[in-house]
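Take a look at the structure below.
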Amino acid sequence: MENAIFIEFPEAEKEELHINNFGRSVTRPGHRYGPAVRSFYLIHYVVEGKGEFSANGAVYRLKPGQGFLIEPDYLTTYTADLERPWTYVWLGFSGQKAKSILNAIGLSQDSPIFTCGPEQHLEQYVMDMLEHNYATTSDLYRRQAMMLLFFSALAQSKRDIVADRSENAYVAQAIRYIQDCYHEPLLVEDIARYVGLNRSYLSTLFKKYTGLSPIKYLQTFRMTRAAHLLSLTQLPVSAVAYSCGYQETESFHKIFKQHTGLSPKRYRAQEQAKTKTNRENLSV
């Protein structure tokens, strides 16, 4: 478990740079998030304690002053240390310029780790955003200013050099296909046919490089998309199900509850209530 305070904003895909969410978490020993995929870019920065970040088959042990990037649609896991669980802040963002900004900074999913000292104020920028989280014009501009200062600090920070890793070409191609077609009634046979492998061999490669079978990866990807839509929109559950590749709403209900422990409606109510409560707590 974790003690987290955060704010989320509806996604605005046409914006050049958009803040999706930000927050601060104090985790319990062994607290784990994932394996999961995100629909936007997400940067975590460790303030205290230690933990482990896993992506693309690589595992990184992180300590205070270090952080990591999660790109959209990549399967990742991060786990708090059993003895010294970490406290971290995070910033989630998207938009037309997001990729080019990260390229300029030198962060990518193939090189996701950075070191940034306390004198560069990453925690301070996120906490300032938490204090100015309303829909007023002044708060909007202030959050954007803090995000740019956050990026500026990252640009000055030291890149942590890690060994180059080559992703398996078939698995990478299959993941891209899932990202593009998850909203369709996709089958593992379709994915295997697209990459030119038989189903059995694709499943073996997928398990080796991601830790999941193709169908489990597809399901996890769809559930992450669904959770995002439920949290930040008022779309009918049937529309969310259809948008995530489920033709039958009943099937979507069943799988979503297996994945989250809650029905879609209860999940939406819980997540939107969290954001409301966090706003109220921050205004006290």
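So if I place +1 on the C-beta of Lys and Arg and -1 on the C-beta of Asp and Glu, and nothing else carries charge, what would the dipole magnitude of the stretch 1-140 be about its Cα centre? I want it in debye, nearest 20. Let's see the in-between values first.
Working: 11 positive and 18 negative charges, 84 e Å.
Using Cβ point charges on Lys, Arg, Asp and Glu, the stretch 1-140 gives about 400 debye.
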- Give me the distance between the Cα centres of the stretch 19-44 and the stretch 65-125, rounded to whole Å. 10
- Message: Hydropathy at least 0.0 by Kyte-Doolittle, axial extent at least 15 angstrom from the Cα trace: which helices of the chain, defined as entire DSSP H runs, fit?
- Response: 137-156, 169-181, 214-232
- Note on the structure: Log entry: pair-distance distribution for the stretch 169-271, C-alpha pairs binned every 10 Å from zero, whole % per bin is 16, 45, 28, 11, 0
- Task: Tell me the GluC sites (Glu not before Pro) within the stretch 217-284 that lie in a loop according to DSSP and have at most 13 other beta-carbon atoms within 10 Å.
- Result: E248
- With only helices counted (DSSP H, runs n ≥ 4, each -39500 (n - 2.57)), the per-residue ellipticity at 222 nm for the chain, to the nearest 500, works out to -14500 deg cm²/dmol
- Between the stretch 211-229 and the stretch 244-276, what is the C-alpha centre distance in whole Å? 13
- Message: Run the reach check for K97 against lysines, Cα to Cα strictly under 22 Å, same-chain hits fewer than 8 apart removed. What comes back?
- Response: K14
- Where nothing but the Cβ of Lys and Arg (+1) and of Asp and Glu (-1) is charged, how large is the charge dipole of the chain around its Cα centre, in debye to the nearest 20? 580
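A short reminder: the numbers here are calculations on the coordinates, not readings from a lab. None of these values were measured; they are calculated from a predicted model. Cβ coordinates were reconstructed from backbone atoms using ideal geometry, including for glycine residues, and neighbour counts include every protein chain displayed.
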